[in-house]
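Visitor: This structure is in structure tokens; I'll ask about it shortly.
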Amino acid sequence: MSFRLIDARIVLTVLFIALAEESVYRGLLIPLSLVFTKNKQYTVIVISSVGFALAHLVNIVNSPWSIVMLQMLIVFASGLLWGTLYLKTNNLSLTIMLHFLDDLPLFLMKETSELVTPTRPQLISAIMAYLIVVGIIGIITFLQVEGLHLWKLKK
């Protein structure tokens with residue numbers, strides 16, 4: 001994998017993407033959803049993460065569906081983590097920075113690198129691995145947002 005030199009256009013593009021997506025899915029959707037769900041934090045994080053993942057469905061225009069599906073699973077998991085972080089810290093700039101750092105390497109990869117459509121066994125293996133990751137992150141998110149609160153109530 002080869003990388004191109006960082007230039008201002010790449011950095012600004014990645015920064016604006018992170019600003020826009022975090023402003024919508026964490027800065028706007030989470031506070032609005034808190035009102036509509038009567039402060040059900042885990043539900044709100046899931047809503048935000050589903051919206052975030054669905055927004056990446058537009059990538060189907062330039063990528064195979066299998067790659068987009070896998071990307072949406074990872075984006076959903078990232079949304080769970082960043083949503084939890086936002087709710088715990090109330091710091092949107094922190095999630096923007098993490099989003100920026102997460103996306104930057106993708107934009108630095110050489111434009112000629114092509115995505116290869118995985119074979120059926122590769123796709124099934126990747127889906128299984130990604131679902132396990134999403135499950136683990138979902139449990140961590142629940143414990144951070146709801147589970148630890150429930151633990152304190154039992155004591």
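Visitor: Out of the total accessible area of the stretch 33-81 (probe 1.4 Å, heavy atoms of protein only), what percent is carbon and sulfur? Don't jump to the answer; show the numbers that get you there.
Guide: Details: 1820 of 2570 Å².
C and S atoms contribute 71 percent here.
Visitor: Sort out the exposed loop GluC sites (Glu not before Pro) in the chain (DSSP loop, at most 11 other Cβ within 10 Å) and tell me the longest stretch that has none.
Guide: Details: sites that count: 111, 114.
Answer from the scan: 1-110.
Visitor: Same structure again: Beyond 15 Å, how much of the Cα-Cα pair distribution for the stretch 1-86 remains, as a whole percent?
Guide: Here the long-distance tail beyond 15 Å is 64 percent of all Cα pairs in the stretch 1-86.
Visitor: Tell me the angle of helix 120-142 to the major Cα principal axis of the chain, expressed in degrees between 0 and 90 and rounded to the nearest ten.
Guide: Relative to the chain, helix 120-142 is tipped by roughly 30 degrees.
Visitor: Mind jotting down the three principal axis lengths of the chain based on Cα atoms? Whole angstrom, largest first.
Guide: Rounded to whole Å, the extents work out to 56, 40, 25 Å.
Visitor: Based on DSSP H runs of at least 4 residues, each adding -39500 (n - 2.57), what is the mean residue ellipticity at 222 nm of the chain after dividing by all its residues, to the nearest 500 deg cm²/dmol? Please report the intermediate quantities before stating the final value.
Guide: Details: 7 runs with 110 residues, N = 155.
Helix-only estimate at 222 nm: -23500 deg cm²/dmol.
Visitor: Suppose every K and R has +1 on its Cβ and every D and E has -1 on its Cβ; what is the size of the dipole of the chain about the Cα centre, in Debye to the nearest 20?
Guide: Using only the charged Cβ atoms, the result is roughly 660 debye.
Visitor: Ok, one more. Using DSSP to define loop residues, name the chymotrypsin sites (Phe, Trp or Tyr not before Pro) in the stretch 1-81 whose beta-carbon has at most 16 other beta-carbon atoms within 10 Å. Kindly include the intermediate steps, with their values, before the conclusion.
Guide: Details: sites: 3, 16, 25, 36, 42, 52, 65, 76; in loops: none.
Passing both the DSSP loop test and the Cβ count: no residue.
Visitor: Using 1/(1 + (r/R0)^6) with R0 = 41 angstrom and r between the beta carbons of residue 60 and residue 37, what's the FRET efficiency to the nearest 0.05?
Guide: Computed FRET efficiency for residue 60 and residue 37: 0.85.
Visitor: So, one more: Quick check: the angle from helix 41-55's long axis to the longest principal axis of the chain, C-alpha only, nearest 10 degrees?
Guide: Result, in degrees: 20.
The values are calculated or read from the model by the stated rules, or taken from the named source; none is laboratory data. For clarity, every value in this text was computed on a predicted model and none was experimentally measured. So basically every Cβ, Gly included, is an ideal-geometry build from the backbone, and we count neighbours across all protein chains shown. Heavy atoms of the whole protein, side chains included, go into the accessibility calculation; ligands, DNA and RNA do not. Shrake-Rupley method; radii C 1.70, N 1.55, O 1.52, S 1.80 Å.
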